[in-house]
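One structure below.
Derivation of every value follows stated rules applied to the coordinates shown; laboratory data play no part. The shown structure was predicted, so the numbers you read here are calculated from the model rather than taken from an experiment. Cβ placement follows ideal geometry from the backbone for every residue including glycine, while neighbour counts extend to all protein chains displayed.
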Number of protein chains: 4
Amino acid sequence: MRAAYRAVRSHTERLAAPLSAEDQVIQSMPDASPTKWHRAHTTWFFEQFLLEPHAPGYRRFDDRFPFLFNSYYVAAGPRHARPRRGMVTRPDVATVGAYRVHVDAAVDALLADEAALPREIATIVEIGLNHEQQHQELLLTDILHAFSENPCLPAYDPDWRWCAAARAPGTVMIPEGIHTVGHQGGGFAYDNESPAHRVLVGPVAIARGLVTNDDWLAFMRDGGYDNAALWLSDGFAAVQAEGWRAPGHWREQDGGWHVMTLGGLVPVDRAAPVCHVSYYEAEAFARWSGRHLPSEFEWEVAARSGELADAFGVVWQWTRSAYAPYPAYRAADGALGEYNGKFMVNQMVLRGSSLATPPGHARATYRNFFPPSARWQFTGVRLASFPA
Amino acid sequence: MRAAYRAVRSHTERLAAPLSAEDQVIQSMPDASPTKWHRAHTTWFFEQFLLEPHAPGYRRFDDRFPFLFNSYYVAAGPRHARPRRGMVTRPDVATVGAYRVHVDAAVDALLADEAALPREIATIVEIGLNHEQQHQELLLTDILHAFSENPCLPAYDPDWRWCAAARAPGTVMIPEGIHTVGHQGGGFAYDNESPAHRVLVGPVAIARGLVTNDDWLAFMRDGGYDNAALWLSDGFAAVQAEGWRAPGHWREQDGGWHVMTLGGLVPVDRAAPVCHVSYYEAEAFARWSGRHLPSEFEWEVAARSGELADAFGVVWQWTRSAYAPYPAYRAADGALGEYNGKFMVNQMVLRGSSLATPPGHARATYRNFFPPSARWQFTGVRLASFPA
Amino acid sequence: MRAAYRAVRSHTERLAAPLSAEDQVIQSMPDASPTKWHRAHTTWFFEQFLLEPHAPGYRRFDDRFPFLFNSYYVAAGPRHARPRRGMVTRPDVATVGAYRVHVDAAVDALLADEAALPREIATIVEIGLNHEQQHQELLLTDILHAFSENPCLPAYDPDWRWCAAARAPGTVMIPEGIHTVGHQGGGFAYDNESPAHRVLVGPVAIARGLVTNDDWLAFMRDGGYDNAALWLSDGFAAVQAEGWRAPGHWREQDGGWHVMTLGGLVPVDRAAPVCHVSYYEAEAFARWSGRHLPSEFEWEVAARSGELADAFGVVWQWTRSAYAPYPAYRAADGALGEYNGKFMVNQMVLRGSSLATPPGHARATYRNFFPPSARWQFTGVRLASFPA
Amino acid sequence: MRAAYRAVRSHTERLAAPLSAEDQVIQSMPDASPTKWHRAHTTWFFEQFLLEPHAPGYRRFDDRFPFLFNSYYVAAGPRHARPRRGMVTRPDVATVGAYRVHVDAAVDALLADEAALPREIATIVEIGLNHEQQHQELLLTDILHAFSENPCLPAYDPDWRWCAAARAPGTVMIPEGIHTVGHQGGGFAYDNESPAHRVLVGPVAIARGLVTNDDWLAFMRDGGYDNAALWLSDGFAAVQAEGWRAPGHWREQDGGWHVMTLGGLVPVDRAAPVCHVSYYEAEAFARWSGRHLPSEFEWEVAARSGELADAFGVVWQWTRSAYAPYPAYRAADGALGEYNGKFMVNQMVLRGSSLATPPGHARATYRNFFPPSARWQFTGVRLASFPA
């Protein structure tokens, strides 16, 4: 557990390393957070839920930090308004680094005698590390958004490259049958993956491969963004209000489409999976294709079959399932009960994982969720169809 | 069919009869429509989809009306902006009455030889009548909203009274089992009730009776509206932004709670079912009760058992199901395909029917839907619980 | 005074006569008011400030009316929110008519023995009549705005016609000199016209005639609405936010410019004075012309010279003067002190009067005022220039 | 001129020196700008208007900088949106420092032979230096605003102290008379101070001293912020919308009023002049005092008398004059003509200067201007009264 702790924590620092103090302090929109805030918030998480209650004699690094770095845990006390996170130039980046060192030392000491650790502590460390891994992905999506707002379009990593989508034609057929979905057995899972429960799934065919930029360009050429008949009403309203003509981070320039990436602005790679599309766009694209998006359970059953290509590690895949509690779900008491449950409305479930998801953080039961208009995550499309 | 046509059409006129020309012209919020508009729009529906394509020699009553009275059918041509419906003082109420007479005469003539009618025409008449019945309910909810914005709080019908909730303790137990949900067999249903399909439901217990105002007052006394831990995050944001302290149309006055009704302002009746609550409130109340809201399929199975009290005709009942297409659902081509499908996001399903739903318009497979913040409809709560 | 009272009051009713109950109830934007409200508010003014304090035994027509029909007099008690004035379908138009009759009878009785009337009463009657005359003009501008929001573009008076601008070339030269501006001597004036005071005016040349539609079309052809260099920064922001391409109520149709008037939509008359332009547009036009707008005192001195054409009765003329108190101005105590003083910021002064101004309501010292973006009044342009 | 250039430029760097890279990059509201932006924009000003047209062989430091650091000069080309200035983490602070060095070297070379310089160049240098001085004041007001948004309330300079107001009872009496106002004679002035022209001023009495915090606390205790009768209508709307209960940057804490300053949060000093009040508040305070605000010309004449205390160097003083062009004012052609003229609406004139105004940047004819709701500048109040 100490090794896992050190590995996750140092990965965050590696991700932040290419970023200057200036890069780390700004907030480019209310939904995104500064790098510095991600680094401090994940640290506060351990201080608040692990060290304060369980490490005798622990001294808080700074009494102002709970207010500054609590995100949305009402039960953990008052907190800085989310849209103002970019105002915190002080404490500076160096102090946040020192905060991390301070907390890491205390956690390391607490975990020294792993055999003697109560189960409760192991549970908190485990959720804290998974929590930090989520923020590792957000750190990347948020800095990409910030850099896309800079007219100079800087690169986070000049060597960063898109992977091509796997060539995986055909579909996985799922006949009608009862399956148990959700988390069971060992290993970590969030509370929103439980209780595991039985559902009737299928018959449905799930595409083995992801939708590519080439597919998407065909949709665009066919007037996809202009044809109201293809869209949900709220979706077309977003198209018009936001002026969407292409996926997020795409820019037409010098006669061709480019995309802002962690490697800076590059020409759109036709063979790569489409990315930075909202649920609205995914759904319209599916209708234009004469197909559908899979439900989250259809996806889960198909993923378990082992026959999907690019299920993990490329782009999150929108499902047609609204984010909702599993039957008999009840959030835990206390602040950690706010982790997932209170967001179960007005969002859609995504399954799989993306190239920005840290290693070890993906599984078939994982439920990611974003509002249907969100485009700044690494979000793509896998199609489904129903047998006639 | 002629008789059905006449019955539905004249019911609309009876509902509008207590309202003056001034009452009928205003629009109290973008989501509500003027009475006059409801009367004209339902008439345009028959003119546009029945008479124009199928009644040889039919002459439109007024060439400006398609623009004025199309609601949201993009494929049926351009239309007046929804939030500006209250600007149409001319054509006046009398002209709209004449429009109804004109269209009714043409439809009556078209339907004269019922035996000879093509199936297509019967289908359009049927959907047109069901469409008008939906607007009959909206006519009442919208005028109630308009009157609630008038400081004089006028009564639509001074004799209008709330019914008490049925005394129906206990629950209906649904063991785990596969059920076919959605519309099958004869009779009219909307496309969103199809395709019928098999789902696994249960085990779950559904309350036989509705939540009452008495129950709700206990929630309020217990600080329900102040306790963030009971709410979805978006829900508590709505509570704070809108200043919700009680259900919609409630007002504290002279030391007690009153509610604005179609009969004017009256004291809250503790035995009556709670009404005008949003999904957010319903969901928070369920959590406070240690229970849940039923899914739409749990509700449908329970309703078919015949053991629910007040399933129909009192208040619509929020379910925990987001409004989504049934598997393999595909909207019809053309303008009528816009009827339901394009709204299948960002809304929650309600089941049953309300005291404002016209006779004959309710069934166990009916899917009503509103955004989770909506409070101006006749919306209430039925609880569910999962066996331990 | 009785005769004056009867004349003004009956003129309001004549102006409202062509309007149906539906026309009279709606509010087309927060800045405009329903006709019915104008009729009731001007009546409340006499009830509140004349009858209640000065008519022994007077009984209010309806105790709810002070709340409904007070406009902005904080000291006169709470009032209905301005943007909700269009929600008041009840009391209906007939009841408002009865309210007018009730108050008129009481005022008539109070004024019966004119010789015995205290000066205070005469003062209130006088301000009440002038107040009602202001609302007579607003009644017309507001219904024109409402009708312009109706896709059918109804005519208030099908026989209504624009007058041509007077042919009045040349300028009135005002050499430098001290003048007394503001109200002095007899006759009614608002408090904002006082105290009369001495100012240094000139040298300046004021155009004898008004800017015409012909002039304005030249400005448009020259790209006036596209050239940021001609505009105040806030003005060009308004051009872009509102999409202004021509004066208010203008519409391009069938290959030519038309304008929505009290007589319905008619082709733009090139010889007529330009109307429905904002201060921003007037100011940009003046810059494009190589000239300026006059100050309010330059206008006043020029108007007194008797050499201006169309000074009154055609269009209000924007000045370059912000609306501010005259030196040593102090508003009266009590509610009537709120009449003018509290609006003396963020508005520009207009001088003259318009074709919608009732007879007898114009004078050289009159100060009208609107925000620089307002276009729904009868507002036009007179130019000035400074000798080199 | 070289010495002046070096002095002004190095003063900017001294002001920025206490600020970290993180402090310098953020933008706390659309009206404020990052420190780094101020440093770069003032440099661009010399590059754009001096070096590019007049320094043969000058090479731009970076071709992207004109887009990034042009503020609002439409004629100088496209520019980054003002509210996004805080997104520019790269170029970093060090690069902006290098930009300053690069431009300074080129200017220094250009000015080497001062005797040979054409008048045009001297003019541009002069306006560039005055421009930079304006930004020196904004740099301080903007960083104070940014720090006030940080829950840690950092100090820009821990040793910073408010000065007490001068003890200067009594008034300066100005009898009626014609005065020439505006800039004449030698020395630099902005175009908005011209043409000098004759106006009639007085009789009026101008307070010798400024309104103090002690005076303001009396206004607060008397319910000033709750009494609508004291306020302009727009002003009271701002009080309610913004929740104003005290001047800007004031906070009630530990039972007493504190104020956020460049030295951090300190108790309000009763003897100090009130600061960070809007025009709306200044105007309401004047009414409550039974007095008025001076006009800008009254202030100018009084200031020239030499009898005012704290006319300069403490707080800017709101006048009752809206910001408008002087008679016959015409902005210069080209981009520099946008400097002042296009802002002459919707703002009020302030006279004097503040403790944040750099030395040598104040004069009796100087016209500062801000919208009536602005509170983040160093703005205070001097009263006037009219003889009975």
Legend entry - Förster radius 25 Å - calculated FRET efficiency between D:Ala81 and C:Glu242, Cβ distance, rounded to 0.05: 0.85
Inset, instruction - Give a residue-ordered list of calculated ³J(HN,Hα) values for segment B:135-148 (Karplus: 6.51 cos²θ - 1.76 cosθ + 1.60, θ = phi - 60°; whole Hz; x for Gly, Pro). - result: 6, 4, 5, 5, 3, 6, 5, 6, 6, 4, 5, 4, 5, 6
Legend entry - Residue among C:Asn213, C:Asn340, C:Asn227 with the largest mean-square fluctuation in a Gaussian network model of chain C, springs linking Cα atoms under 10 Å: C:Asn227
Legend entry - Dipole moment magnitude, nearest 20 debye, segment D:171-385 about Cα centre, only Lys, Arg, Asp, Glu C-beta charged: 260 debye
Legend entry - Net dipole in debye of chain D [+1 Lys, Arg Cβ; -1 Asp, Glu Cβ; about Cα centre; nearest 20]: 220 debye
Legend entry - Value of [θ]222 nm, deg cm²/dmol, for chain B, DSSP H segments ≥ 4, -39500 (n - 2.57) each, nearest 500: -10000 deg cm²/dmol
Inset, instruction - Would you kindly work out, in nm and rounded to one decimal, the distances from the label point of C:Asp62 to those of the same position in each other copy, ordered shortest first, with label points 7 Å along Cα-to-Cβ? - result: 2.8, 6.3, 6.8
Legend entry - 0 to 90° range, to nearest 10: angle between helix B:2-16 axis and chain B longest Cα axis: 60 degrees
Legend entry - Furthest towards positive pole of dipole, C:Pro30, C:Phe188, C:Gly263, structure part chain C, Cβ charges: C:Phe188
Legend entry - Relative contact order (percent, whole number), chain D, Cα cutoff 8 Å, 6+ residue spacing: 18 percent
Legend entry - Net charge contributed by nearby residues that have their C-beta within less than 11 Å of D:Trp37 (K/R +1, D/E -1): +4
Legend entry - Average other protein chain Cβ within 10 Å of Cβ, residues A:70-79: 1
Inset, instruction - Please compute the net charge surrounding A:Trp299, taking Lys and Arg as +1 and Asp and Glu as -1 over other residues with Cβ under 13 Å from its Cβ. - result: +2
Inset, instruction - Report, in degrees rounded to the nearest 10, the 0 to 90 angle that the Cα long axis of helix A:93-110 makes with the longest principal axis of chain A. - result: 70 degrees
Legend entry - Three-way shape call for chain C based on the alpha-carbon gyration tensor, with the a/c threshold at 1.5: oblate
Inset, instruction - Quick one, can you get me the convex hull of the C-alpha atoms of segment D:171-385 expressed as volume per residue in Å³? - result: 134 Å³
Inset, instruction - Kindly give the distances from C:Asp226 to its copy-mates, label point to label point, with each label point 7 Å from Cα along Cα→Cβ, as nm values to one decimal ordered shortest first. - result: 2.2, 5.8, 6.2
Legend entry - Lys/Arg +1, Asp/Glu -1 at C-beta; chain B dipole; positive extreme among B:Ser305, B:Met220, B:Ala168: B:Ser305
Inset, instruction - Evaluate the charge dipole of the protein assembly as shown about its Cα centre and quote only its size in Debye, nearest 20, assuming +1 on the Cβ of each Lys and Arg and -1 on the Cβ of each Asp and Glu. - result: 0 debye
Inset, instruction - Between B:Phe188 and C:Asp157, with labels modelled 7 Å along Cα→Cβ, what's the label distance in nm to one decimal, could you check? - result: 5.0 nm
Inset, instruction - Determine which chain B residue has its Cβ at minimum distance from the rotation axis mapping B onto C, giving the value in whole Å. - result: B:Ala21, 2
Legend entry - Rounded if a/c under 1.5, otherwise prolate or oblate - segment D:198-283, Cα gyration tensor axes: oblate
Inset, instruction - Return one quarter of the surface area of the convex hull spanned by the alpha-carbon atoms of the protein assembly as shown, equal to its mean projected area, in nm². - result: 61.2 nm²
Inset, instruction - Could you work out the relative contact order of segment C:171-385, using alpha carbon pairs under 8 angstrom and six or more residues apart, expressed as a whole percent? - result: 28 percent
Legend entry - Potential extension, A:Arg330-A:Arg14 segment - 0.36 nm per residue separation minus Cα distance: 110.1 nm
Inset, instruction - Can you find, among B:Ala4, B:Ser71, B:Thr89, the residue farthest towards the positive end of the dipole of segment B:2-148? Put +1 on the C-beta of Lys and Arg, -1 on that of Asp and Glu. - result: B:Thr89
Inset, instruction - Return the loop-located trypsin sites (Lys or Arg not before Pro) in segment A:110-168 (DSSP other than H, G, I, E, B) with at most 10 other Cβ atoms within 10 Å of their own Cβ; answer none if there are none. - result: A:Arg167
Inset, instruction - Give, as ranges by residue number, the residues of segment B:320-336 whose backbone N falls under 16 Å from the point 7 Å along Cα→Cβ of B:Tyr72. - result: B:323-325, B:331-332, B:335-336
Inset, instruction - For chain D, set up a Gaussian network in which alpha carbons nearer than 10 Å are linked by springs, and say which option among D:Asp31, D:Asp310, D:Asp333 fluctuates the most. - result: D:Asp333
Legend entry - Under 30 Å from B:Lys342, Cα to Cα: lysines that are on another chain or at least 8 residues apart: A:Lys342, B:Lys36
Legend entry - Candidates B:Thr42, B:Thr171, B:Thr141: whichever shows maximal mean-square fluctuation once chain B is modelled as a Gaussian network with Cα springs under 10 Å: B:Thr171
Inset, instruction - For helix D:35-46, report the angle its Cα long axis makes with the longest principal axis of the Cα atoms of chain D; keep it between 0 and 90° and round to the nearest 10°. - result: 60 degrees
Legend entry - Three-way shape label, segment D:1-111, alpha-carbon gyration tensor, a/c 1.5: oblate
Inset, instruction - For A:Gly337, place a label point 7 Å out from Cα along the Cα→Cβ vector, do the same in each other copy, and report the separations in nm, one decimal, smallest first. - result: 4.7, 5.7, 6.9
Inset, instruction - Taking the Cβ of D:Tyr58 as the centre, find all other residues whose Cβ is under 14 Å away and add up their charges (Lys, Arg: +1; Asp, Glu: -1). - result: -4
